[in-house]
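Comments concern the structure below.
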Amino acid sequence: MTEPFLSLIFPAHNEENRLPQTLEAVDTFLSQQSYQAEVLVVENGSTDRTLELAQEYAGKFAYLKVIHEEERGKGLAVKRGMLEATGEYRFFLDVDLSMPIDQVNRFLPPALPNMDIAIASREGEGATRIDEPSYRHWIGRGFNSLVRFLALPNLQDSQCGFKCFRGNVAEVLFPKQTIMGWTFDVEILYIAQKFGYQIIEIPIPWYYHSNSKVRVWRDSFQMARDLLTIRRNGKNGLYDSTR
């Protein structure tokens, strides 16, 4: 079977309310494209009907693969999906589609030729934030300042949940991932930076959803600890080899 041009990877924890609408929107989008694609839903640790619903849709859409992971952790789900995907380009997305699905082609050739990694950015010229409370915005910017100071000085927004990787780049980076929680993408981008891969930020329209899974105060402390772990791992040479 020919490998797909694009893999769309959705980590899904307790997403029974949003997943059906998202999969229908993705199907409409893919039906309008000329390239072949696959969709992977990586359900992990859900206590609702997320897995059951995903499996029902897999019976409806031949391109959809459902992966069940017992343990929780967004980073764990993304890592599993990225390494089981087969696409020439591999794009992980949040189920809430806070970035509209019609933005996906902006991250791919021919719109973006010769890319290694393209990440959605809620900052910079052309980006818009819709309905986001000001306190969430400033907490996010504060964390991003810490990320830039400790790990990724050249990126304006490392935490938006929409990121695309060339397949062979993903196969180098994701086996080295050690953080399975929210800060996993800082670690992946930090490793990518060390290996000299090009990271491009794409300003997007981004819609705030009040039922975000991030618990701002508790998760922020763990994410700050993760940043120190990334720095320590880098200093100790854990990420040095590309093999």
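None of the figures in this text is laboratory data; all of them are computed from the coordinates on show. What you see is a predicted model; the values in this text were computed from it and never measured. Cβ coordinates were reconstructed from backbone atoms using ideal geometry, including for glycine residues, and neighbour counts include every protein chain displayed.
Where is the GNM fluctuation largest for the chain (alpha-carbon springs, 10 angstrom cutoff): SER98, SER145, SER210?
SER210
Eigenvalues of the Cα gyration tensor times 5, then square-rooted: what semi-axes does that give for the stretch 114-174, in whole angstrom, largest first?
Working: eigenvalues 117, 42, 20 Å².
With the √(5λ) rule applied to the stretch 114-174, the semi-axes are 24, 15, 10 Å.
Treat each spin label as a single point 7 Å out from the Cα along the C-beta direction, and report the PHE195 to TYR135 distance in nm.
4.0
Consider the candidate values (i) 30, 22, 17; (ii) 37, 20, 16; (iii) 26, 21, 19; state which one is semi-axes √(5λ) of the Cα gyration tensor in Å computed from the structure displayed.
(iii)
Counting other C-beta atoms within 10 Å, which of SER34, SER7 has the fewest, and how do the rest follow? Don't jump to the answer; show the numbers that get you there.
Values: SER34 5, SER7 27.
Ascending Cβ contact count within 10 Å gives the list SER34, SER7.
To the nearest µm²/s, what D does Stokes-Einstein give for the stretch 17-60 at 37 °C and 0.692 mPa s, using the Kirkwood radius over alpha carbon pairs as Rh? Let's see the in-between values first.
On the way: Rh = 11.5 Å.
D = 286 µm²/s.
Sort PHE221, PHE184 so that the residue with the fewest other Cβ atoms within 10 Å of its own Cβ comes first and the one with the most comes last.
Details: PHE221 9, PHE184 23.
Lowest count first: PHE221, PHE184.
Considering only ILE230, THR178, TYR208, whose Cα is most displaced toward the positive end of the charge dipole of the chain, charges sitting on Cβ of Lys, Arg (+1) and Asp, Glu (-1)?
Farthest towards the positive end: ILE230.
Take ARG122, ARG49 and order them by how many other Cβ atoms sit within 10 Å, fewest up front.
On the way: ARG122 25, ARG49 15.
Least crowded to most crowded, the residues run ARG49, ARG122.
State, in angstrom, two size descriptors of the stretch 45-159 derived from its alpha carbons: Rg to one decimal place and Dmax to the nearest whole number.
Considering the stretch 45-159 through its Cα atoms, Rg and Dmax are 16.8, 47 Å.
Which value in nm describes the separation of the simple spin-label points at GLN33 and LEU238, placed 7 Å from the Cα toward the beta carbon?
3.3
Using only alpha carbon pairs under 8 Å that are at least six residues apart, calculate the relative contact order of the chain and give it in whole percent.
Numbers: 418 pairs, mean separation 54.6, N = 243.
Here the relative contact order equals 22 percent.
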